[in-house]
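Following: one structure in structure tokens, then a few remarks.
Read-outs: derived from the displayed coordinates by stated rules, not from any lab. Since the structure is predicted, the reported quantities are computational estimates derived from the model, not experimental observations. Cβ coordinates were reconstructed from backbone atoms using ideal geometry, including for glycine residues, and neighbour counts include every protein chain displayed.
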Amino acid sequence: MSKINVRKAAIVGCGFVGSASAFALMESGLFSELVLIDADKNKAEGEALDISHGLPFAKPMQIYAGDYKDISDAYVIIVTAGAGQKPGETRLDLVKKNVGIFKSIIPQIAEHNQEGILLVVANPVDILTYAAAKFSGFPQNRVFGSGTVLDTARLKYLIGEHLSVDNRSVHAFIIGEHGDSEIAAWSSANVSGIPLNNFCEMRGHFHHQEAMEKIAENVKNSAYEIIEKKRATYYGIAMSVKRICEAIVRDEKSILPVSSIQNGGNDISDVALSMPAIVGADGVETLVPIELNEQEKSDLKKSADTLKNIIQDVLQ
């Protein structure tokens with residue numbers, strides 16, 4: 001086993017999401033080596049060349065197409081491979097196709113690298129994170145998904161727009177499934193420590209329930225809307241991948257709503273879904289128990305049960 005190179009990442013799958021993530025990581029300067037792997041080697045080579053030609057304007061870095069043996073010393077292995085979501089198709093429609101793809105990919109990764117961190121980005125991310133943990137045999141802290149990191153960014157963006165305030169000052173999470181049963185955790189949302197409803201009233205907004213329902217619905221439907229308009233979503237998720245990699249490489253211990261296997265919190269276990277977690281050099285350090293009201297707890301349990309039923313269908 002090669003010693004892990006903390007400045008090296010691998011991306012498995014060079015479709016829209018994989019190549020946009022490669023570009024975001026090149027711009028970030030986080031890694032000095034990036035290997036791209038795709039079933040279509042030409043595609044990986046083309047992306048590597050295209051991105052490499054911009055390196056004179058960025059930080060020194062080696063970007064190249066490779067195969068699974070090239071990931072033996074990669075610190076972060078980002079898996080974006082899978083069939084894409086088609087217009088009118090839900091994320092869960094993709095399950096069987098993509099679990100099949102993971103059955104071939106994940107054991108090949110595990111054969112060459114047992115020490116790195118496996119970051120699952122392909123959809124449906126929660127089911128595939130669970131599958132990746134099972135197929136790889138990696139410790140649970142080192143297998144997690146991008147989860148609701150992007151959904152949470154969309155929520156912060158929309159709340160910022162609604163209140164005409166910097167969205168980086170908004171603290172709120174989308175939790176549960178990255179998909180149709182996701183939950184906006186309104187009860188713990190705040191703007192720089194000020195409870196959300198108080199801040200809304202300060203900005204002249206008083207129809208809280210109506211606004212919350214509209215924003216949560218817009219977040220949930222964002223991907224469908226983008227897919228309908230431009231056939232795929234990739235920039236937002238690429239920025240989310242970069243953000244998660246920052247937390248890992250810099251051992252930031254940032255709190256991010258990544259998808260990881262739950263072990264009993266909120267009476268949920270043996271399923272992967274998103275809850276805020278401390279993310280650092282070893283992956284998911286610990287989950288962060290945010291305050292949820294009874295309705296949110298009940299919705300979270302329903303989200304977990306939805307995912308569990310699918311897992312039983314496709315992985316048993």
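One table, with the values for the structure above:
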quantity	calculated
Taking Y157, Y64 and counting other C-beta atoms within 10 Å, the order from fewest to most	Y64, Y157
For the stretch 55-65, Karplus couplings with θ = phi - 60° (6.51, -1.76, 1.60), whole Hz, Gly/Pro x	4, x, 9, 10, 8, x, 6, 10, 10, 8, 7
For F135, F173, F16, order by how many other beta-carbon atoms lie within 10 Å, fewest first	F16, F135, F173
Exposed trypsin sites (Lys or Arg not before Pro) absent: longest stretch of the chain, with sites in DSSP loops and at most 16 other Cβ within 10 Å deemed exposed	4-202
GNM flexibility winner over the chain from I101, I109, I127 (Cα, springs under 10 Å)	I101
Computed magnitude of the charge dipole of the chain (debye, nearest 20; Cβ of K, R +1, Cβ of D, E -1)	480
Under-5 Å amide H pairs with V120, H placed in peptide plane, nonlocal only	V79, F144, G145, S146
Derived scalar couplings ³J(HN,Hα) [the stretch 250-261; Karplus, 6.51 cos²θ - 1.76 cosθ + 1.60; whole Hz; x for Gly, Pro]	8, 6, 6, 6, 6, 9, 10, x, 7, 8, 9, 6
Simple label model, 7 Å out from Cα along Cβ direction - N293 to L55, nm	5.4
Net lengthening on full extension, I255/K69 (0.36 nm per residue, minus Cα-Cα)	63.7 nm
Fully extended contour minus Cα-Cα distance, from Q62 to S32, at 0.36 nm per residue	10.2 nm
Listed residues A277, C14, T233: farthest to the positive end of the dipole of the chain (Cβ charges)	C14
Distance between modelled label sites at K230 and E213, nm, 7 Å Cα→Cβ extension	3.1
Cut-off under 5 Å, modelled amide H: who pairs with Q62 long-range	E33, L34
Alpha-carbon Debye profile of the stretch 160-261, log10 I(q)/I(0) at 0.12, 0.14 Å⁻¹	-0.50, -0.68
Whole-Hz couplings from phi, Karplus 6.51/-1.76/1.60, listed for the stretch 44-54; x for Gly and Pro	4, 5, x, 5, 4, 5, 4, 5, 4, 5, x
Efficiency of FRET from Cβ geometry, F206 and K96, R₀ 41 Å, rounded to 0.05	0.30
Of K242/K297; K41/K253; K97/K308; K97/K134; K97/K156, those spanning more than 26 Å from alpha-carbon to alpha-carbon	K242/K297; K41/K253; K97/K156
Extended-chain gain in nm, criterion 0.36 nm per residue less alpha-carbon gap, E111 and D305	66.6 nm
Gaussian network model of the chain, springs between alpha carbon atoms under 10 Å - residue of I237, I63, I268 with greatest fluctuation	I268
